[in-house]
1. Classify the range 83-181: rounded, prolate or oblate, from the alpha-carbon gyration tensor (a ≥ b ≥ c, eigenvalue square roots; a/c under 1.5 rounded; otherwise prolate if a/b is larger than b/c)?
2. Which percent of the Cα-Cα distances in the range 161-309 go past 24 Å?
3. Sorted from fewest to most neighbouring beta carbons within 10 Å, what does the list V203, V272 look like?
4. Compute the Rg/Rh shape ratio of the range 35-93: radius of gyration over Kirkwood radius, all on alpha-carbon atoms.
5. Mind checking the alpha-carbon convex hull of the chain and giving the volume per residue in Å³?
6. In a shell of Cβ-Cβ distance under 12 Å around T174, excluding T174 itself, what net charge do Lys and Arg (+1) and Asp and Glu (-1) give?
7. So what is the calculated 222 nm ellipticity per residue for the chain, using -39500 (n - 2.57) for each DSSP H run with n of 4 or more, over all residues, to the nearest 500 deg cm²/dmol?
8. Would you mind ranking S286, S298, S201 by Cβ crowding within 10 Å, fewest neighbours first?
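We did not get these values from a lab; they are worked out from the coordinates using the rules stated. Remember, it's a predicted structure, so these values are computed and weren't measured experimentally. Methodologically, a virtual Cβ is constructed for each residue, glycine included, from the backbone with ideal geometry; neighbour enumeration extends over all protein chains shown.
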Amino acid sequence: MKTISSEKLNSDQHSLIEAAIAATDTAYVPYSGYHVGAAVLTRSGSVFAASNVENVAYGPTICGERMAIGKANASGARDIVAIAISSRSDKFEKTEIACGPCGSCRQVIYEMAQVSGCDIEVIGSTIDKSHIAVSTIEQLLPLRKKTYTSVDLMSSEKLNSDQHSLIEAAIAATDTAYVPYSGYHVGAAVLTRSGSVFAASNVENAAYGSTICAEQMAIGKANASGARDIVAIAISSRSDNHEKNEITADPCGTCRQAIYEMAQVSGCNIEVIMSDKNKHNIVIKSIEQLLPYAFGPSQLHIDVVKGNL
Ligand SMILES: [Zn+2]
Ligand SMILES: [Zn+2]
């Protein structure tokens, strides 16, 4: 992603940022006081702006980016080519760095990029436009294409014993997946600094949005056991559709966001080990590589390490 000055913006980018900044005024944020405005631009030049809507049960909170996409979709517009995001807080004076979308929003923007056939441009801006960062969704959510170059792939013989056991635990966990809708079994296993392993699988729901991925389940299992010092996570998957079994599992945007939060807590750039069920195609990346320019607790000026166990 690159930082550009506001004078270098073209007129579309300029109007889009203005729409996102204006939308921050409509944010419903009684809990965080953190106003986010987002605006999407369609190929035909339409702009749809919206803001974040929080909820007392924090989980149902919806970000400004997803609200803007929903607004465009509800107007029959899915050919999105760009999205601008801006934010401000009631709790601190100024945000110096333009914030990127959270992992969940990246996941939703990525889906829309497949629909529009366009690598959607993502423009983050501070409220005063002193810092503007431009990137694309492919840059912000790398490795979502399910195709890897030989540079990324490694053979299972190169794994150390911790990595090997972690992948085995993830593969074993796929057997416990509750996936009556997709038939897509995912297993994940986290490793803590002290060597403990916690494995879990995905649990789907008839209301698709209530589905919880294996990675988040594994993190929750570790957390419920008092373990937050996560250093690595392995992920594997298999499908009831046999053709997909060679696919190397990679975490969705929401899971990358959850792993990133834990990385802030553990103070470790968590290693993410992605594998197919036969361990033929293994890719290892750090969470910072998988979620660059992440939105995290520091954007809210909160020190999560203080709250560690
Ligand atoms: Zn978001
Ligand atoms: Zn996920």
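1. Working: a/c = 2.15, a/b = 1.98, b/c = 1.08.
Taking the square roots of the gyration eigenvalues as a ≥ b ≥ c, the range 83-181 is prolate.
2. On the way: 3063 of 11026 pairs.
More than 24 Å apart: 28 percent of the Cα pairs in the range 161-309.
3. Working: V203 16, V272 27.
Fewest-to-most ranking of V203, V272: V203, V272.
4. Working: Rg = 12.6 Å, Rh = 12.0 Å.
Rounded to two decimals, Rg/Rh equals 1.05.
5. 139 Å³
6. Values: positive: R238, K277; negative: E168, D175, D240, D276.
Local net charge: -2.
7. On the way: 8 runs with 84 residues, N = 309.
Taken over the chain, the calculation gives -8000 deg cm²/dmol.
8. Numbers: S286 15, S298 12, S201 24.
Exposure proxy ranking, most exposed first: S298, S286, S201.
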